[in-house]
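Working notes, beginning with the structure itself.
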Amino acid sequence: MNSNFSKKIGTGVIVFVIMVCFTPSLAGAFTPDYQRQDKGFDRQDHNQPALGIWRNPQMVQKLKLTKEQVKQLRDADFTFREKCLELKAQLDAFRLQMDKAFSDDIVDNAAVIQLAKKISDIKGKIFIQDIESRLAVGKILNGDQIKKLRPDDMHQKKQDSGHGKKAIPGPHGMEMPDDKKVF
């Protein structure tokens, strides 16, 4: 009698542990695609450079880009990405030096601050390069194409599909109790 009871308790504890371990992973497995943090081969990178629109055939068709515009965007994209890779390599090197400086037995405050300034400078250069790439897109596209490309227009279509739901940040799509349905 006592061994049957202990087996049942042991089984219950194992089931509980499995539920605690796997429930969070299952909850994240079925979130809408736009909220997932991982990037696979089939996912669009939401932070892709502005010059990268030439890689998206739907955007090329939507914007009605000419072959010359696609060529200009492609060339500028590769140029800016090459510069960005160089800057990111420098940034990684400085971060490695920073890790090394902090792992020493005695931390040299002046050296750490110098490295922090260098890292800040590189991040600033990357930011400026991103802005320059956006400006380059403005030089290549015409006014109508730029208007179609604006994030406000693209996000408005996504928001209109909500049908009266308030947007709640996070991995859930629940409605708020005070929402009013639009018929």
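Going by the structure shown, is LYS100 out of contact with any His (no Cβ under 9 Å at 6 or more places or on another chain), among the basic types (Lys, Arg), surrounded by 10 or more Cβ atoms within 10 Å (Cβ to Cβ) and at pLDDT 85 or above? For LYS100, the condition - out of contact with any His (no Cβ under 9 Å at 6 or more places or on another chain), among the basic types (Lys, Arg), surrounded by 10 or more Cβ atoms within 10 Å (Cβ to Cβ) and at pLDDT 85 or above - is met. Within the range 128-142, if we keep just the residues that are β-branched (Val, Ile, Thr) and at pLDDT below 90, the residue that is least open to solvent (accessible area, probe 1.4 Å) turns out to be VAL137. Evaluated against (1) within 18 Å of PHE78 (Cα to Cα); (2) at pLDDT below 55; (3) open to solvent by 70 Å² or more (accessible area, probe 1.4 Å), ASP45 falls short on exactly one condition, (3).
Can you find a residue that is of a type outside the set (Phe, Trp, Tyr), within 30 Å of GLY52 (Cβ to Cβ) and part of a helix (DSSP H, G or I) anywhere in the range 100-117? Scanning the range 100-117, I find no residue that is of a type outside the set (Phe, Trp, Tyr), within 30 Å of GLY52 (Cβ to Cβ) and part of a helix (DSSP H, G or I), so the answer is no.
Per-residue answers, yes or no, for (1) β-branched (Val, Ile, Thr); (2) within 29 Å of LYS71 (Cβ to Cβ); (3) at pLDDT 90 or above; (4) open to solvent by 70 Å² or more (accessible area, probe 1.4 Å):
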site: LEU115; (1), (2), (3), (4): no, no, yes, no
site: ILE119; (1), (2), (3), (4): yes, no, yes, no
site: ILE126; (1), (2), (3), (4): yes, yes, yes, no
site: ASP144; (1), (2), (3), (4): no, yes, no, yes
site: LYS147; (1), (2), (3), (4): no, yes, no, yes
site: PRO151; (1), (2), (3), (4): no, yes, no, yes
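The values are calculated or read from the model by the stated rules, or taken from the named source; none is laboratory data. Model, not experiment: these values are computed from the prediction. Quick reminder, even Gly has a Cβ in these numbers, built from the backbone with ideal geometry, and neighbours come from all protein chains shown. Note: areas computed on protein heavy atoms with side chains; ligands, DNA, RNA excluded. Shrake-Rupley method; radii C 1.70, N 1.55, O 1.52, S 1.80 Å.
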